[in-house]
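One structure, pasted below without further comment.
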Amino acid sequence: MTTTEELLGWVREFARQVTEHRDELTALDSAIGDADHGANMARGMGAAVEALDANPPATAGALFKQVGMTLVSKVGGASGPLYGTLFLRFGTAAGEVAELDPAGFAKAFRAGLEGVVARGRPEAGDKTMYDALAPALDALDEALAGGAPLGD
């Protein structure tokens, strides 16, 4: 079981990683976009952590919905709606529970990814966030079906 506090720790680490790699994300975006992805995501995740600090969530659903709403309102371009949808749908599917078991996490992750697909219409091989998230979810589903232990 993963507690809301542990999920909050994951969100904080994600925000830290985005900020640490802001310049790299921006450089990657400059090849095909307007070179603002790193800065936008760092700003959005920083705002999400600030919002969580100001109003700590009691449930997994509230945590991910709060992150999603913040990203939608603070991150420009396609990233705000896509990442926001990922987190909003994840939060809705997770529900108002204080802990998520691996199956509940996988269900919420699947709902988040389905939201990204509905919003952005990506397909495998398009070199979008879908190409990173779909294989990760497939690996999680495979581990759960085979009873393989999940990492810490």
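Which residue pairs have Cβ atoms closer than 8 Å, lie 6 or more positions apart in sequence or on different chains, and pair a first residue in region 52-72 that is in contact (Cβ under 8 Å) with a residue 60 or more places away in the chain and open to solvent by less than 40 Å² (accessible area, probe 1.4 Å) with a second residue that is among the hydroxyl-bearing types (S, T, Y) and assigned to a helix (DSSP H, G or I)?
none
Which one is nearest to the chain's Cα centre (by Cα) among residues in region 67-96 that are assigned to a helix (DSSP H, G or I) and among the charged types (D, E, K, R)?
Our first condition is that a residue be assigned to a helix (DSSP H, G or I); within region 67-96, this holds for 67-74, 79-94.
Next, from what is left, pick out any that are among the charged types (D, E, K, R): 74, 89.
Values: K74: 15, R89: 10 Å.
The selected residue is R89.
Please name all residue pairs, on different chains or six or more residues apart, with Cβ atoms under 9 Å, provided the first residue is in region 7-28 and is within 22 Å of G95 (Cβ to Cβ) and the second residue is loosely packed, with under 15 Cβ neighbours inside 10 Å.
Once the first residue is within 22 Å of G95 (Cβ to Cβ) and sits in region 7-28, its partners that are loosely packed, with under 15 Cβ neighbours inside 10 Å give L8/P56.
What number of residues within region 73-91 satisfy the criterion of being closer than 25 Å to L144 by Cβ and either open to solvent by less than 30 Å² (accessible area, probe 1.4 Å) or in contact with a Lys or Arg (Cβ under 7 Å, 6 or more places away or on another chain) (or both)? Before the answer, list the steps.
Our first condition is that a residue be closer than 25 Å to L144 by Cβ; within region 73-91, this holds for 83, 85-91.
Among the residues that remain, those that are also either open to solvent by less than 30 Å² (accessible area, probe 1.4 Å) or in contact with a Lys or Arg (Cβ under 7 Å, 6 or more places away or on another chain) (or both) are: 85-88, 90-91.
Of the residues in region 73-91, 6 are closer than 25 Å to L144 by Cβ and either open to solvent by less than 30 Å² (accessible area, probe 1.4 Å) or in contact with a Lys or Arg (Cβ under 7 Å, 6 or more places away or on another chain) (or both).
Based on what the data block shows, is L63 in a helix (DSSP H, G or I) and either among the small types (G, A, S) or in contact with a Leu (Cβ under 8 Å, 6 or more places away or on another chain) (or both)? Walk me through it before giving the result.
Numbers: in a helix (DSSP H, G or I): yes; either among the small types (G, A, S) or in contact with a Leu (Cβ under 8 Å, 6 or more places away or on another chain) (or both): yes.
It is true that L63 is in a helix (DSSP H, G or I) and either among the small types (G, A, S) or in contact with a Leu (Cβ under 8 Å, 6 or more places away or on another chain) (or both).
The values are calculated or read from the model by the stated rules, or taken from the named source; none is laboratory data. The structure presented is a predicted model; accordingly, all values stated were derived computationally and were not measured. Heads up, the Cβs are rebuilt from the backbone with ideal geometry, glycines too, and the neighbour counts pull from every protein chain shown. These accessible areas exclude ligands, DNA and RNA; they are computed on the full protein's heavy atoms, side chains included. Shrake-Rupley method; radii C 1.70, N 1.55, O 1.52, S 1.80 Å.
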